[in-house]
Amino acid sequence: VAMCVNDIVVQGAEPLFFLDYFATGKLDPEQGASIVGGIAEGCRQAGCALIGGETAEMPGMYHDKDYDLAGFAVGAAERGQLLPTDDIVEGDVLLGLSSSGLHSNGFSLVRRIVAASGLAWSDPAPFNEELSLAEALLEPTRIYVKSILKAIRNTHGIKALAHITGGGFPENIPRVLPKDFSAELDLEAIDVPPVFSWLAKTGGVAPEEMMRTFNCGIGMILAVASGQAAQVAAVLQEAGETVTPIGRIVPRRDAGVIYRGSIGL
């Protein structure tokens, strides 16, 4: 749900409804109810409706408690209010919204690192001993819909939004910028959560690869008119977001994202 609705809101659109597809070898009512309950909670957080879905039993395809889960969302926006806008200029400010954790990205690498660590999924997480390793790594993705829609409607200062998913900073930010501009990021401004530091250290993952695979603590980035950055940040903070100025728009250079300083892994 979070991946779908966060991708919708970056267009300046409001998610309207979500549908799911759940396939398994033999339906376990308790398992199915838990999954649909999680989907419903995501929809509540996003302010969209869960209007239906498909459940399929396919014993020839799935074994034991294996299951396949997919879904999609539909949103709407006024045509003239779609993002990104066409007035992005040099000096526009980049604001980062804190993530809740890994946000469903990079788990092939995560599984390899956990295997190499020798830890069991049920062991206390080395970076948060109040949770098991599995619970800490599977922290649900933060849903930014309500706070961002409030900021869009109350300030009219947001020019572009980048949802930091697979591909991290270097692939997701340039996608929403005109070809004549780059994003200059101040890496030292980012407060990196301990889970990413643990993954980098345990897996021997270089900082550049961490920023290409994971969100490193920033789940959403906003390009905002410099004169309205404080107002936009205030609205987002009032809505419960942790907001950090992390960079600015500069004339295009060799790369779509330019790093300043080093990230605190």
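Taking Ala223 and the conditions (1) part of a helix (DSSP H, G or I); (2) buried (at least 21 other Cβ atoms within 10 Å of the Cβ), which numbered condition does it fall short on, given that it satisfies the others? Result: Ala223 passes all but (1). The residues on offer are Leu83, Leu19, and the sole one that is open to solvent by less than 60 Å² (accessible area, probe 1.4 Å) and outside any strand (DSSP E or B) is Leu83. Residue pairs whose Cβ atoms lie under 9 Å apart, sitting 6 or more positions apart in sequence or on different chains, and linking a residue in region 99-124 that is farther than 15 Å from Ser197 by Cβ and touching a residue at least 60 places away in the same chain (Cβ under 8 Å) to a partner that is open to solvent by 40 Å² or more (accessible area, probe 1.4 Å) and of a type in the set (Lys, Arg), are Ser100/Arg142; His103/Arg142. Only one entry of Gln45, Gln11 meets the criterion of being under 24 Å from Ile221 (Cβ atoms) and part of a loop (DSSP other than H, G, I, E, B), and that entry is Gln11. Within the set Leu95, Leu149, the sole residue that is within 17 Å of the chain's Cα centre (by Cα), buried (at least 18 other Cβ atoms within 10 Å of the Cβ) and assigned to a strand (DSSP E or B) turns out to be Leu95.
Condition check for Leu119 on (1) over 22 Å from Ala40 (Cβ atoms); (2) touching a Gly at 6+ places or on another chain (Cβ under 8 Å): one failure, at (2). Scanning region 22-37 for residues that are over 30 Å from Ala151 (Cβ atoms), part of a helix (DSSP H, G or I) and open to solvent by less than 40 Å² (accessible area, probe 1.4 Å) yields a total of 3. If you check Glu129, Glu135 for being at negative phi, open to solvent by 50 Å² or more (accessible area, probe 1.4 Å) and part of a helix (DSSP H, G or I), only one passes: Glu135.
Among the residues of region 160-208, those identified as assigned to a strand (DSSP E or B), small (Gly, Ala, Ser) and closer than 16 Å to Ile258 by Cα are Ala162, Ser182, Ala183.
Just one of Ala70, Ala120, Ala40, Ala115 is surrounded by fewer than 16 Cβ atoms within 10 Å (Cβ to Cβ) and part of a strand (DSSP E or B); which is it?
So the residue among Ala70, Ala120, Ala40, Ala115 that is surrounded by fewer than 16 Cβ atoms within 10 Å (Cβ to Cβ) and part of a strand (DSSP E or B) is Ala70.
Here Ala49 passes the criteria (1) in contact with a helix residue (DSSP H, G or I) (Cβ under 8 Å, 6 or more places away or on another chain); (2) closer than 30 Å to Lys150 by Cβ; (3) at pLDDT below 95 except the one numbered (3).
Against the numbered list (1) over 22 Å from Asp92 (Cα atoms); (2) of a type in the set (A, V, I, L, M); (3) open to solvent by 50 Å² or more (accessible area, probe 1.4 Å), Val195 comes up short only at (3). Criterion applied to Asp68, Asp7, Asp20 was being within 30 Å of Glu238 (Cβ to Cβ) and not basic (Lys, Arg), and the one residue passing it is Asp7. Filtering region 156-174 to residues that are in contact with a strand residue (DSSP E or B) (Cβ under 7 Å, 6 or more places away or on another chain) and open to solvent by 40 Å² or more (accessible area, probe 1.4 Å) leaves nothing.
The values are calculated or read from the model by the stated rules, or taken from the named source; none is laboratory data. None of these values were measured; they are calculated from a predicted model. Note: ideal-geometry Cβ built from the backbone for every residue, glycine included; neighbour counts use all protein chains shown. Each accessible area value is taken on the protein alone, full model and side chains, heavy atoms only, with ligands, DNA and RNA left out. Shrake-Rupley method; radii C 1.70, N 1.55, O 1.52, S 1.80 Å.
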